[in-house]
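Have a look at the structure below, then the notes.
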Amino acid sequence: MTGLRLGPVLRYVNEDTATVWVETEAPCTAEVECEGSTAGGSAATWQISGHHYALVTVVGLEPGTETPYRVHLDGEQVWPLPASPFPASTIRTPPEDADGLRVAFGSCRWATRPAHSRHDPLGPDALDALAQQAAEGAERPDLLLLLGDQVYADETSDRVRSRLAEDRDLSEPPWDQVADYGEYTALYDESWGDPEVRWLLSTVPSLMVFDDHDVIDDWNTSASWQEEIRATPWWHERIVGGLTSYWVYQHLGNLSPAALAEDPVYAAVRESDDGTAALRKFAEEADADPAAVRWSYRRDFGRVRLLMVDSRAGRVLPEQQRAMLDDDEWEWLTEQVHDGGPGAYDHLLIGSSLPWLLPPAIHDVEEWNSALCAGARGERWAARGERLRRAADLEHWAAFPASFRALGALIEEIAASPDAPATISVLSGDVHHAYTAEPRFSRPVNSRVTQLTCSPMHNSVPGFMRVGFRIGWSAPGRWLGRALSRHAKVQRPSLGWDRTGGPWFGNQLMTLDFRGRKADLALAQARPLPDAPHPADPHDAPAARLERIHGMALA
């Protein structure tokens, strides 16, 4: 009997169709059977580097229903797991006239917990806490957005390091970081194999995008960074492994069945006895020429439009042309924002792993640093600026000033139109704390525009960085930022912005509730249950709850 190695992961869902991703132990036919319904689907597995996968399209679902499902491999039921403590996995479809949507989002989840320890120094995992509450019957989101750092290729756990050490010498590059596709699969085993999270992903649709740690810290920071790392003997396998594993485990599920049917790489992989060569060729081309592939995507949920933007792989890095998005990517974003004309949606969500609006002092430091690196104060300052850029992770939207201004102008244009959406929200993570901020535009706008930043789900931030983030919003911090701007002769930002909430530190998730043109925001932090018994299995999550610590009406 063929076993289920990982999954099922529920990905795309609309009124009558869904996709379910699985990884199996051997080649087989995967089938999703819906209870009490004729809905279902099946697909043959395909192979990448000795691993076997299927993305099953489930058809025939009824709008506005919640349908339990089972997974069979070659006719044998493998999900739900025997004696599972969790409720049945279900596919919940929106009604045809749906005017509501509940979206939970966050980023930066270091999946492992210390083995054989009652204490997790990072605190309880917010995704685990959400799963525990949902399993007990609490309201669950309609959609889960994972905004980067789903796995940490450069910060492996003791468990993963032990696995890597079985095959190679960890004293040689890339040391205890993952080296290739096969080692990436160990990260997903650890992250998605967590029992609570595995069940949650089987029953709540998810959308994902990468950030730097999915490949390596500060991925594509600058042209000189890229040049240096490409010269190392281990990088080629690392980037190919990172992009191919992202395509398999995360990217495919972001796409609709119609988009999958038109995807030549997906077709090539499925039609081959072994799709490894075709997928590696795709990844090599994607790394060499960012314009060759689009990782960004769009999803419409009734009157809510989500545009998930690749702010990592598609960067333009030469100092005099630096841009967060290349020309093709920017044209795509502009077209998607305007598609359908005025009034096409009530709410616009722009997902970017990196915040658009940072604490003002940090924004000014990044713009100052960008100007130095571009030669504003000469070669010596440029060299110092590059060292600082890498050491301090100065590579957010503010470090790409032309892109920062262009995104602000695009948002202002939409927000100022007569048929503007009720809200425009930039959803981000990365910075290991949460906050809300609102821009001040040069003209009146008709939309509530917010920067909503939420991370981590399970990680930490050093004390000195907490102090730095707080100073970043302070009056002295703003004064320092302006002084640095003058030093590099930096043009002041075209808009101002103010913090409207935070900063909050801890493992957390944000949730947006949309009802018609109304929108509400809630922030919840994961808290341990002090009297709960410690789980018998050290890999199981300790009992935790999400505690609401902030809420506000956006529209």
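The values are calculated or read from the model by the stated rules, or taken from the named source; none is laboratory data. The structure presented is a predicted model; accordingly, all values stated were derived computationally and were not measured. Cβ placement follows ideal geometry from the backbone for every residue including glycine, while neighbour counts extend to all protein chains displayed. The area values use the complete protein model at the heavy-atom level, side chains included, leaving out ligands, DNA and RNA. Shrake-Rupley method; radii C 1.70, N 1.55, O 1.52, S 1.80 Å.
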Requested in this report: Identify, from the list Arg280, Arg303, Arg298, the residue that is open to solvent by 20 Å² or more (accessible area, probe 1.4 Å) and in contact with a His (Cβ under 8 Å, 6 or more places away or on another chain).
Outcome: Arg303
Query raised in the report: Can you spot a residue in segment 52-68 that is on the phi > 0 side of the Ramachandran plot, open to solvent by 10 Å² or more (accessible area, probe 1.4 Å) and without any contact (Cβ under 8 Å) to a residue 60 or more places away in the chain?
Result: yes
Report summary line: Reported set for segment 312-345 where residues are more than 17 Å from Ala409 (Cα to Cα), of a type in the set (D, E, K, R) and surrounded by 22 or more Cβ atoms within 10 Å (Cβ to Cβ) is Arg312, Arg315
Query raised in the report: If you take the residues in segment 372-406 that are within 30 Å of Leu427 (Cβ to Cβ) and either in contact with a strand residue (DSSP E or B) (Cβ under 8 Å, 6 or more places away or on another chain) or aromatic (Phe, Trp, Tyr) (or both), which one is surrounded by the fewest Cβ atoms within 10 Å (Cβ to Cβ)?
Result: Ala402
Report task. Could you list all residues from segment 69-99 that are open to solvent by 40 Å² or more (accessible area, probe 1.4 Å), in contact with a Lys or Arg (Cβ under 8 Å, 6 or more places away or on another chain) and either within 24 Å of Arg5 (Cα to Cα) or without any contact (Cβ under 8 Å) to a residue 24 or more places away in the chain (or both)? Result -> Gln77, Pro80
Report summary line: Residues of segment 208-242 being of a type in the set (A, V, I, L, M) and open to solvent by less than 10 Å² (accessible area, probe 1.4 Å), in sequence order, are Met208, Val209, Val215, Ile239, Val240
Query raised in the report: Give me the pairs: first residue in segment 313-330 and in contact (Cβ under 8 Å) with a residue 24 or more places away in the chain and under 22 Å from Trp381 (Cβ atoms), second residue open to solvent by 10 Å² or more (accessible area, probe 1.4 Å) and part of a loop (DSSP other than H, G, I, E, B), beta-carbon distance under 6 Å, and six or more apart or on different chains, which are they?
Result: Glu319/Ala374
Query raised in the report: Looking at (1) under 19 Å from the mean Cα position of the chain (by Cα); (2) open to solvent by 20 Å² or more (accessible area, probe 1.4 Å); (3) of a type in the set (Ser, Thr, Tyr), can you tell me which one Ser352 breaks?
Result: (2)
Query raised in the report: Is it true that Leu170 is at pLDDT 95 or above and buried (at least 19 other Cβ atoms within 10 Å of the Cβ)?
Result: no
Report summary line: Restricting segment 13-30 to residues that are in contact with a His (Cβ under 8 Å, 6 or more places away or on another chain) and buried (at least 22 other Cβ atoms within 10 Å of the Cβ), the one nearest to Pro63 (Cα to Cα) turns out to be Ala30
Query - Filter pass, Arg102 being modelled with pLDDT of 95 or more, within 21 Å of Pro205 (Cα to Cα), surrounded by fewer than 21 Cβ atoms within 10 Å (Cβ to Cβ) and not aromatic (Phe, Trp, Tyr) - result: yes
Report summary line: Only unsatisfied item for Ala475, checking (1) out of contact with any Ser or Thr (no Cβ under 6 Å at 6 or more places or on another chain); (2) under 29 Å from Gly302 (Cβ atoms), is (2)
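For residues that are open to solvent by less than 10 Å² (accessible area, probe 1.4 Å) and not in a loop (DSSP other than H, G, I, E, B), scanning just segment 31-42, find the one that is nearest to Thr93 (Cα to Cα).
Cys34
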Report task. Mind telling me which of the residues Thr2, Thr45 ends up being at pLDDT below 95 and under 28 Å from Glu271 (Cβ atoms)? Result -> Thr2
